[in-house]
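Each remark here refers to the structure printed beneath this line.
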Amino acid sequence: MTSRFTELVIDCHDPERLAAFWCEVLDFTVIDRGEGRVEIGSWTPTVEKVRARQMSPTLQFIQVPEGKAVKNRLHLDVSPIDGSTEDEVTRLLGLGATRADVGQGADRSWVVMADPEGNEFDVVRTLAPQH
């Protein structure tokens, strides 16, 4: 007996806004939406595909009344695939992300950022081909 990691749920005030932001960051698309929720992913899950093998989880944004109060205990790490970490940070700032300080110190190989609702995430090493 086993389970699959099928989705990561993120509480927020504006699911549409955060879904749009993360679709731009990750090149995902909206795969489902309902009242107060939006689900995005790189693929459309089916029972057969999920049972066959572990696939990338989807992200589901759920509207909640309360705001974010403290540093996230869980966060996403993203790796640029076609540019430098610095180039990706610049792109994400243009999409509405901000730099965040969670006590990480100055000399780190990653950059801590926050999405438009303040959820922290890291931009880590680039996966772009090195020439």
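To the nearest 500 deg cm²/dmol, what mean residue ellipticity at 222 nm is calculated for the chain from DSSP H runs of n ≥ 4 alone, each contributing -39,500 (n - 2.57), summed and divided by the residues? Intermediate results must be reported in sequence, preceding the final value.
On the way: 3 runs with 29 residues, N = 131.
Roughly -6500 deg cm²/dmol at 222 nm, from the helical runs in the chain.
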Pick out which of Pro116, Pro15, Pro65 has the largest mean-square fluctuation in a Gaussian network model of the chain, springs linking Cα atoms closer than 10 Å.
Pro65
Using DSSP, restrict attention to beta bridges with both residues in the stretch 1-63 and report what percent are antiparallel, rounded to the nearest 5.
60 percent
Residues with amide H under 5 Å of Val78's amide H, sequence separation 5 or more or different chain, H placed in the peptide plane at 1.01 Å from N; which?
Asp122, Val123, Val124
How would the stretch 80-119 be classified by its alpha-carbon gyration tensor: rounded, prolate or oblate, with rounded meaning a/c under 1.5 and the a/b versus b/c comparison settling the rest?
oblate
Any idea what log10 I(q)/I(0) is at q = 0.11, 0.12, 0.22 Å⁻¹ for the chain, Debye with uniform C-alpha scatterers and no solvent?
-0.44, -0.52, -1.38
What are the ³J(HN,Hα) values, in whole Hz, obtained from phi via the Karplus relation 6.51 cos²θ - 1.76 cosθ + 1.60 with θ = phi - 60°, for each residue of the stretch 34-41 in sequence order, with x given for Gly and Pro?
x, 5, x, 8, 9, 10, 10, x
Probe 1.4 Å, accessible area per residue of the stretch 16-86, Å²:
66 Å²
Rounded to 5, percent antiparallel among DSSP beta bridges of the chain
60 percent
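Using DSSP to call loops (not H, G, I, E or B), can you name the chymotrypsin sites (Phe, Trp or Tyr not before Pro) in the stretch 5-61 whose Cβ has at most 14 other Cβ atoms within 10 angstrom? Intermediate results must be reported in sequence, preceding the final value.
Numbers: sites: Phe5, Phe21, Trp22, Phe28, Trp43, Phe61; in loops: Phe5, Phe28, Trp43.
Taking the stretch 5-61 and a limit of 14 other Cβ atoms within 10 Å, the loop chymotrypsin sites (Phe, Trp or Tyr not before Pro) found are Phe5, Trp43.
Kindly provide the trypsin sites (Lys or Arg not before Pro) of the stretch 7-43 that DSSP labels as loop, not H, G, I, E or B, and whose Cβ sees at most 13 other Cβ atoms within 10 Å. Write out the running numbers ahead of the final one.
Details: sites: Arg17, Arg33, Arg37; in loops: none.
When the trypsin sites (Lys or Arg not before Pro) of the stretch 7-43 are filtered for loop state and at most 13 Cβ neighbours within 10 Å, nothing remains.
In the stretch 63-94, which GluC sites (Glu not before Pro) are in a loop and have at most 15 other Cβ atoms within 10 Å, using DSSP for the loop call?
Details: sites: Glu66, Glu86, Glu88; in loops: Glu66.
Sites meeting the loop and neighbour criteria: Glu66.
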Which residues does a label at Arg125 reach in the stretch 61-93, if reach means a backbone N under 14 Å from a point 7 Å past the Cα toward the Cβ?
78-81, 85
Compute the label zone of Asp32 within the stretch 57-71: residues whose backbone N is under 14 Å from the point 7 Å along Cα-to-Cβ.
57-62
In degrees between 0 and 90, to the nearest 10, how far off the longest principal axis of the chain does helix 85-95 point, with axes built from Cα atoms?
60 degrees
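At 1.4 Å probe size, with the rest of the protein present, what percent of the exposed accessible area of the stretch 34-93 is carbon and sulfur atoms? Can you show the working numbers first?
On the way: 2110 of 4020 Å².
Of the solvent-accessible surface of the stretch 34-93, carbon and sulfur hold 52 percent.
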What list of ³J(HN,Hα) couplings, whole Hz, do you get for the stretch 49-56 from phi and the Karplus terms 6.51, -1.76, 1.60, once you set θ to phi - 60° and write x for glycine and proline?
5, 5, 5, 5, 6, 5, 10, 4
To the nearest 20 debye, what is the magnitude of the charge dipole of the stretch 85-131 about its Cα centre, counting +1 on the Cβ of each Lys and Arg and -1 on the Cβ of each Asp and Glu?
120 debye
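The values are calculated or read from the model by the stated rules, or taken from the named source; none is laboratory data. Since the model is a prediction, treat every value here as computed from it, not as a measurement. Reconstructed Cβ throughout: ideal geometry from the backbone, glycine too, with neighbour counts over all protein chains shown. Keep in mind that these areas ignore ligands, DNA and RNA; they rest on the heavy atoms of the full protein, side chains included. Shrake-Rupley method; radii C 1.70, N 1.55, O 1.52, S 1.80 Å.
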